[in-house]
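Below is one structure, written out as structure tokens; the observations come after it.
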Amino acid sequence: MSNSFIERIARYIERHIGLDKDKKHLVALSGGADSVALLRVMHELGYHVEAAHCNFHLRGDESDRDENFCKTLTSSMDIPLHIAHFDTKTYCSLHHVSVEMGARELRYAYFGRLMDDIGAETVCVAHHKDDCAETVLMNLVRGTGLNGMAGIKPRNGRICRPLLCVSRDEITAYLDTLGQQYVTDSSNLVADVRRNVIRLEVIPLLRKLNPSVTESIASSAANILGAIPLIDEALGMVRARIVEERTWGTRISIGRLMETASPEYILYGILRDYGFRPAMVKQIYENINGQTGRQWLSMEYIAAIDRGYIDIARRRDTFTEMTLPIEGCYVVDGDARIDIRAVEVEGKFRPETDPMVASLDASRVRFPLTLRRVMRDDRFIPLGMRGSKLVSDFLTDRKMSIIAKRRQLCLVDAGGDILWLVGHRIHERYKISGDTIKAIVVRYIQ
């Protein structure tokens, strides 16, 4: 049994993971059957491995027992072992996460640092077929998209899972043939967290309907995982037709979206990249023809319905305002710059037509200038008009989105006048005239 077991894993690694035997690989070793089998198999296959054990100090003496077991095992196999100790409960309390999530965050952050320190190419973790089936069921219960139904990937960046081709029973049978001992985490035997309920109660019930249920679920997940690249490729082509990238964010055409074969799924495929979960995407879709201004929030983004479009932008506006005391070039936000220069006006001088350039009569401009976001009650006299107008009305007339209006910049002088609505129009009073001797030329460069 052991030879066929190892050969199957070797083929799986070659086809789905592609590990280099000339590179170093880290094995996450808990001391349980799965991780012990992984360490033995990787060692047997001739990979250059080192082991890493995390003591989360959640189970008292049992946690120390697991650590000591890992020390004894790796010593007997002449494999280097790295050990990390965590105050998991304090971490979870400070970060307001569950113990399960906190331990996961601590574990993978440590693995990342350790790989860098020792020059390891990957970290191999011991997820297997049963884990994949449990993950699919957990995602199904939570409500998930197609990616959640694909289960666990064989490789995700530097994290590799060589045992996804074998089951828990096959793993324990392999260890039995070797006479290899392992430890058992008592917390896995109590149905007090969602995964344990699925493992200990749900799957045994499903096995009454199909004794090979975990094999069937894992196989279905693998088929979905194989289909996702094709679906993503098609989604990319559809996205190119219905999505426009703007300086302030992303705009989705509702009309073009509704012409697609599966508009709600297409919408989810786009919005998931911005942190919107399936239930929220469903709300957005159900209100897609609703009132302009309706908004939804993910952790980092805002989505808003706006006259036939769904607009998406970051919630946090990193720029508010800055003072421009004299002429010169200033870095505004990220790569954006604003350049202010005085220019002598001669007979052939003509203001530039580029909307990102403003030419102003220098005799009327009062420094220091301020570059800021527009405010609700801002008014100015747009070039070519006689009376003043609310900036918000001016932008609405130009059919600007709600999100774009919030991010609109204006250049204000020391007296509080809006000299330039950046990218749109200058103030009528500050235009170049026949009496202008010197101009202030302002360029906004993105």
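The values are calculated or read from the model by the stated rules, or taken from the named source; none is laboratory data. As the structure is a prediction and not an experimental result, all values here were calculated from the model. Neighbour counts run over all protein chains shown; Cβ positions are idealised from the backbone, glycine included. Quick note on the areas: whole protein, heavy atoms, side chains included, nothing else; ligands and nucleic acids left out. Shrake-Rupley method; radii C 1.70, N 1.55, O 1.52, S 1.80 Å.
Observations on the structure shown:
- Test for residue 143: is it out of contact with any helix residue (DSSP H, G or I) (no Cβ under 9 Å at 6 or more places or on another chain) and open to solvent by 10 Å² or more (accessible area, probe 1.4 Å): no
- Filter result for residue 202 (under 15 Å from residue 132 (Cα atoms), part of a helix (DSSP H, G or I) and not hydroxyl-bearing (Ser, Thr, Tyr)): yes
- Some residue of segment 287-295 being of a type outside the set (S, T, N, Q) and within 30 Å of residue 366 (Cβ to Cβ): no
- Test result for residue 92, surrounded by 15 or more Cβ atoms within 10 Å (Cβ to Cβ) and either at pLDDT 95 or above or more than 34 Å from the chain's Cα centre (by Cα) (or both): no
- Test: residue in segment 424-434 that is without any contact (Cβ under 8 Å) to a residue 24 or more places away in the chain and either closer than 22 Å to residue 323 by Cβ or among the small types (Gly, Ala, Ser) (or both): yes
- Residue selected from segment 95-124 under the condition small (Gly, Ala, Ser) and surrounded by fewer than 20 Cβ atoms within 10 Å (Cβ to Cβ), by the criterion nearest to residue 185 (Cα to Cα): 103
- Within segment 298-329, tally of residues that are within 16 Å of residue 285 (Cβ to Cβ) and of a type in the set (A, V, I, L, M, F, W, C): 5
- Of 250, 323, all but one fail to be crowded, with 17+ Cβ neighbours inside 10 Å and among the polar types (S, T, N, Q); the exception is 250.
- Within segment 156-172, residues that are more than 18 Å from residue 203 (Cβ to Cβ) reach no partner that is among the small types (Gly, Ala, Ser) and open to solvent by 40 Å² or more (accessible area, probe 1.4 Å) with beta carbons closer than 6 Å at six or more positions or on different chains.
- Criterion violated by residue 359 - all others in (1) buried (at least 20 other Cβ atoms within 10 Å of the Cβ); (2) at pLDDT 90 or above; (3) under 30 Å from residue 309 (Cβ atoms); (4) of a type in the set (S, T, N, Q) satisfied: (3)
- The residue pairs whose first member lies in segment 305-317 and is over 12 Å from residue 404 (Cβ atoms) and of a type outside the set (Ser, Thr, Tyr), whose second member is part of a strand (DSSP E or B) and open to solvent by 60 Å² or more (accessible area, probe 1.4 Å), and whose beta carbons are closer than 7 Å, counting only pairs six or more residues apart or on different chains, are 315/297.
- Filtering segment 402-446 to residues that are part of a strand (DSSP E or B) and not aliphatic (A, V, I, L, M) leaves 410, 420, 425, 427, 438, 443, 444.
- Residues that are under 20 Å from the mean Cα position of the chain (by Cα) and outside any strand (DSSP E or B) were ranked within segment 292-320; the one that is surrounded by the most Cβ atoms within 10 Å (Cβ to Cβ) is 298.
- Residue match in segment 125-140 (condition: loosely packed, with under 14 Cβ neighbours inside 10 Å, aliphatic (A, V, I, L, M) and under 32 Å from the mean Cα position of the chain (by Cα)): yes
- Taking first residues from segment 132-152 that are more than 22 Å from residue 168 (Cα to Cα) and touching a residue at least 12 places away in the same chain (Cβ under 8 Å) and partners that are buried (at least 18 other Cβ atoms within 10 Å of the Cβ) and not aliphatic (A, V, I, L, M), the Cβ contacts under 6 Å between residues at least 6 apart in sequence or on separate chains come to 145/268.
- Subset of segment 208-227 [more than 18 Å from residue 141 (Cβ to Cβ), in a helix (DSSP H, G or I) and open to solvent by 50 Å² or more (accessible area, probe 1.4 Å)]: 208, 215, 219, 222, 223, 226
- For first residues located in segment 362-390 and in contact (Cβ under 8 Å) with a residue 60 or more places away in the chain, partners that are surrounded by 12 or more Cβ atoms within 10 Å (Cβ to Cβ) and β-branched (Val, Ile, Thr) and lie 6+ apart or on another chain with Cβ distances below 6 Å form the pairs 362/440; 365/440.
- Test: residue in segment 235-244 that is modelled with pLDDT under 90 and either surrounded by 14 or more Cβ atoms within 10 Å (Cβ to Cβ) or part of a helix (DSSP H, G or I) (or both): no
- Within segment 326-355, the set of residues being in contact with a Phe, Trp or Tyr (Cβ under 6 Å, 6 or more places away or on another chain) and open to solvent by 50 Å² or more (accessible area, probe 1.4 Å) comprises just one member, 333.
- You will find that of 367, 276, the residue that is modelled with pLDDT of 90 or more and open to solvent by 60 Å² or more (accessible area, probe 1.4 Å) is 367 and no other.
- If the condition is being hydrophobic (A, V, I, L, M, F, W, C), closer than 25 Å to residue 331 by Cβ and open to solvent by less than 70 Å² (accessible area, probe 1.4 Å), then segment 370-382 contributes 371, 374.
- Residue match in segment 383-394 (condition: crowded, with 21+ Cβ neighbours inside 10 Å and touching a Lys or Arg at 6+ places or on another chain (Cβ under 9 Å)): yes
- Selection count where residues are part of a helix (DSSP H, G or I) and buried (at least 16 other Cβ atoms within 10 Å of the Cβ), scope segment 279-291: 4
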